[in-house]
Amino acid sequence: MMKKLDGVNVVQISFFNESECKEIIKYADKKEEYFINTNNTVQSSDIYNKNQVTTANFASYSFFKDNPKYIDRLLRCLKKTLPWLTYPIALQSWVNIYKPGEGIGWHNHSGLDEHSYTANIFLGGITKPGVYYTAPGETSFAIENKIGEMLLSDCSMWHMVAPNESNISRYSVGITIHDYEAVTKKMLSDACFNSSFKGVILLDEIT
């Protein structure tokens, strides 16, 4: 089972080293520049604003497709942490850039309990207060970010990132994971499959 922090299913896992985080931050900045220069038309939502273009376009690109050298590491991580997943799994992944005053409001991800998960890998910026989590009827709590570490939780867990009060941007990789049991036609579409964007399906290729 997943390790429980504060009585709720959230696990913190080391994933990237510091030099990798710096490299990915450069990728995030280039991705942001790309969306701005291509006259991005994505509108704001009730949880983030339209200037957060790398988040707003989460369904139009794939971090792990663009950075395939990390796919095997992710597979090994999931095999160890969530050994009950049925493969192949559908993966949606993007980068978040929270500039001063920016964050993301309370939300959760659609999916199937025990088959769908969400994760956030912190890349850089001020680590506190971190990501806030809650479940229905429970008190919210924050887990402080650590450079290169992933926070992994059930997709149904509500979570948010408070507005950035520093003058340094915060960077992270966002991930939604669905195993084979959770895959639906709409889910595949939402995860960029069967489209011009070409998402990523992770196969059970490791031993």
Looking at Ser45, is it modelled with pLDDT under 90, more than 17 Å from Leu152 (Cα to Cα) and touching a Phe, Trp or Tyr at 6+ places or on another chain (Cβ under 7 Å)? no
Search result, residues across the stretch 67-105 that are surrounded by 15 or more Cβ atoms within 10 Å (Cβ to Cβ) and either on the phi > 0 side of the Ramachandran plot or part of a helix (DSSP H, G or I) (or both): Tyr70, Ile71, Leu74, Leu75, Cys77, Leu78, Thr81
Just checking, does the stretch 65-75 include any residue being of a type outside the set (Val, Ile, Thr), under 25 Å from Glu165 (Cα atoms) and either in contact (Cβ under 8 Å) with a residue 60 or more places away in the chain or out of contact with any Ser or Thr (no Cβ under 8 Å at 6 or more places or on another chain) (or both)? no
Show the residue pairs meeting these rules: Cβ distance below 7 Å; 6+ apart or different chains; first residue within the stretch 37-53 and outside any loop (DSSP other than H, G, I, E, B); second residue surrounded by 14 or more Cβ atoms within 10 Å (Cβ to Cβ) and modelled with pLDDT of 85 or more. Val53/Glu32; Val53/Phe35
Looking at (1) farther than 25 Å from Val11 by Cβ; (2) over 15 Å from the mean Cα position of the chain (by Cα); (3) without any contact (Cβ under 8 Å) to a residue 40 or more places away in the chain, which one does Pro83 not meet, given that it meets all the others? (1)
Residue in the stretch 114-127 that is free of Cβ contacts under 8 Å to residues at least 24 places away in the same chain, over 28 Å from Val183 (Cβ atoms), out of contact with any Leu (no Cβ under 6 Å at 6 or more places or on another chain) and not aromatic (Phe, Trp, Tyr) present: yes
Identity of the residue in the stretch 137-168, assigned to a loop (DSSP other than H, G, I, E, B) and of a type in the set (S, T, N, Q), that ends up surrounded by the most Cβ atoms within 10 Å (Cβ to Cβ): Asn145
Among (1) assigned to a loop (DSSP other than H, G, I, E, B); (2) in contact with a Leu (Cβ under 7 Å, 6 or more places away or on another chain), the one test that Ser172 misses: (1)
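The values are calculated or read from the model by the stated rules, or taken from the named source; none is laboratory data. Computed from a predicted model, the values in this text were never measured in an experiment. We place every Cβ from the backbone using ideal geometry, glycine too, and count neighbours over all the protein chains shown.
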